[in-house]
Amino acid sequence: MPAKVENFIKQAILIGGKWVEADSGETIDVINPATGETIGTIPNAGREETRRAIETAQNSFETFRKTSALERAQLLRKMHDVIIENQESLAEILSMEQGKSLVEARGEVGMSAAYVLWYAEEARRTYGDVVPSPWADRKILVTKEPLGVVAAITPWNFPSSMLARKIAPAIAAGCSVVVKPATQTPYSGIAWGVIAEMAGIPSGVVNVLTGSASQIGGEMTKNPLVRKITFTGSTEVGKLLIKQAAGTVKKISMELGGNAPFIIFDDADIERAVEGAIAAKYRNSGQTCVCTNRFLAQSRIYNRFVDRLAEESEKLIVGNGQEQGTQQGPLIDENAILSVESMIEDATKKGGRIVTGGKRHKLGGTFFEPTVIANAKSNMRFTREEIFGPIAPVYRFKSEEEAIEMANNTEFGLASYFYTQDLGRAFRVMQELKYGLVGVNEGIITTVEAPFGGLKESGLGKEGGHQGIEDYLDTKYVCIGGLGM
Ligand code: NAP
């Protein structure tokens, strides 16, 4: 029987199997961005609660690390089943606190379940090595062991699946976790604590905190018991956490910002490119790290692509994510709207032409019109800055070399996309793009089976794929001598 929505919306933090309030008793309101209404409150925890959560996670780790891979795989399978059984309630919570449409929310929760199932399978495949030895009387073994307490911090744009990518491999490896979801979307994070309980994960293996980011993050990075920090969020905060974690030399994984190019060559299937463009731009109202930031269209098809993109953008149904048929929900808050507006103002001052959209949606609040801007130029802000909203700037290029140069001209290196029907070009361009993810004739490419992660200032490490569990394991070299052989 699926549990009710209320069962997942705990207004408490989870430390060592106990749901508690903040030491100070202080709370923070959680707002539904579509209606402005308060959904509930969460504890405003800080350094002290974090220290206790880390200690309890360390105690639990001492037992949990000794479980067999098969036991952990079975626990994760149970966790997967709990998520699937409660997909509808979890999607409702996600849509309510984040704003995305129910269709997208269901998809995200499904993706979370898929990560859990994937790592249930990977738990049993963390093989070591027996290496041919240079000495006749010695053997060389390489073993993999869970590294200890993992601290995880996640953003508001994928409040469920960003935690799935961290909690699932950590449990699969035999680690314990202390997680801090984003303050604007905490209930999908808190739900992981409930899911862990329902699946029978031993108490103290999954701990969930909400509250002061700087205090919680400060303790996580400073405390020597934490052996790994895994963060998804902005490059700015990621850099700060890397610096803070240096003091105790922790392993770090960083999934940071992007500036994704989407290249349409003259020889592309334009209709397929437009379909991919709509998905790669407007998913979650443009608020994803892999959303297209810059469309680069070749001269011959430039006008046709701009016109078709604008036509399809106009068809998107904007509304409350929880209403049937909505394709694009509100932006997360008023600051997000102000940021989008200032980028549009900057672009139009510098010669950008608004083909469609360009202003707040008539629904008011934080709803914004899907916007296409033609004549995008390199001096416009979105050439360098992550938009994180529903603006689609379209730049013009003449040659393949110029497109590659423009695409790579950024300090980011997360997702990239290009459309061509020329096989030779497909191989040349995919090789030249300095990005961790490349979609060729596809606009949505994330899947649990593949390693997700950025190059350059977009991050360190991979999530998903068989690579995603490596960061939760220590590699140990053992030399056994005196074998008398
Ligand atoms: P953010 O401001 O960096 O926040 C992310 C998380 O960090 C939140 O939980 C936030 O807590 C916390 N945080 C903020 N300041 C902190 C500090 N001083 N110490 C420790 N933690 C701190 O990012 P966001 O605005 O939520 O998310 C958008 C960004 O995430 C974009 O840049 C996007 O590209 C990136 N992102 C990347 C990926 C990827 O896989 N590469 C995926 C999704 C999003 P509070 O909520 O309490 O402030």
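What's the ranking of 301-314, 270-283 by average number of surrounding C-beta atoms within 10 Å, highest first?
Order by mean packing, descending: 270-283, 301-314.
Would you mind putting 318-328, 76-86 in packing order, based on average other-beta-carbon counts within 10 Å, highest first?
Top to bottom by mean Cβ count within 10 Å: 76-86, 318-328.
Pairwise over distinct Cα atoms, reciprocal of the mean inverse distance: report the Kirkwood radius of the range 10-109 in Å, one decimal place.
So the Kirkwood estimate lands at 16.2 Å.
Which of the lysines could be linked to residue 228 by a straight reach, that is with a Cα gap under 23 Å, when you skip same-chain ones fewer than 8 residues away?
In chain and number order, the partners are 66, 144, 166, 180, 239, 243, 250, 251, 456, 462, 476.
Along the three principal axes, how long is the range 387-485 when you take its alpha carbons, biggest first, rounded to the nearest angstrom?
Answer, in whole Å and largest first: 70, 33, 24 Å.
Cα-Cα pairs above 17 Å in the range 87-146: how many percent?
61 percent
Need the list of lysines near residue 315 for cross-linking: C-alpha distance under 28 angstrom, and skip anything on the same chain fewer than eight residues off.
The reachable lysines, counting only those whose Cα sits under 28 Å from residue 315, are 100, 281, 349, 350, 359, 362, 377.
Modelled label-to-label distance, residue 475 and residue 423, 7 Å Cα→beta-carbon offset: nm?
3.6 nm
What distance in nm separates the two pseudo spin-label positions at residue 483 and residue 136, each 7 Å out from Cα along the beta-carbon direction?
For the pair residue 483/residue 136, the computed spacing is 1.3 nm.
Quick one: the Cα spread of the range 200-250 along its three principal axes, in angstroms, biggest first?
Principal-axis extents of the range 200-250 (Cα, largest first): 36, 21, 17 Å.
What percent antiparallel are the DSSP beta bridges of the range 334-485, to the nearest 5?
40 percent
In square angstrom, what is the accessible area per residue of the range 257-389 with a 1.4 angstrom probe? Before the final figure, lay out each step's value.
On the way: 5110 Å² over 133 residues.
Averaged over the residues of the range 257-389, the accessible area is 38 Å².
What base-10 log of the normalised intensity I(q)/I(0) is obtained for the range 328-444 from the Debye formula, alpha carbons as equal point scatterers, at q = 0.11 Å⁻¹?
Cα-only, vacuum Debye calculation for the range 328-444: -0.43.
With unit charges on the beta carbons (Lys and Arg positive, Asp and Glu negative) and the dipole taken about the Cα centre of the chain, which residue among 254, 344, 374 sits farthest to the positive side?
The residue sitting most towards the positive pole is 254.
Please give the charge dipole size of the chain, origin at the Cα centre, charges +1 on K and R Cβ atoms and -1 on D and E Cβ atoms. Round to the nearest 20 debye.
Magnitude of the dipole: close to 1040 debye.
Let a ≥ b ≥ c be the square roots of the eigenvalues of the Cα gyration tensor of the chain; is it rounded (a/c under 1.5), or, if not, prolate (a/b larger than b/c) or oblate?
The shape class here is oblate.
Give the percent of DSSP beta bridges with both residues in the chain that are antiparallel, rounded to the nearest 5. Write down the numbers at each step before the final one.
Values: 27 of 66 bridges.
The antiparallel fraction comes to roughly 40 percent.
Take the solvent-accessible surface of the protein heavy atoms, probe 1.4 Å, and return the percent of it on the range 296-446 that carbon and sulfur atoms account for.
That share works out to 48 percent.
The values are calculated or read from the model by the stated rules, or taken from the named source; none is laboratory data. Being a predicted model, the structure only gives us computed values, none of them experimental. We place every Cβ from the backbone using ideal geometry, glycine too, and count neighbours over all the protein chains shown. Areas reflect the complete protein model, heavy atoms only, side chains present, ligands, DNA and RNA absent. Shrake-Rupley method; radii C 1.70, N 1.55, O 1.52, S 1.80 Å.
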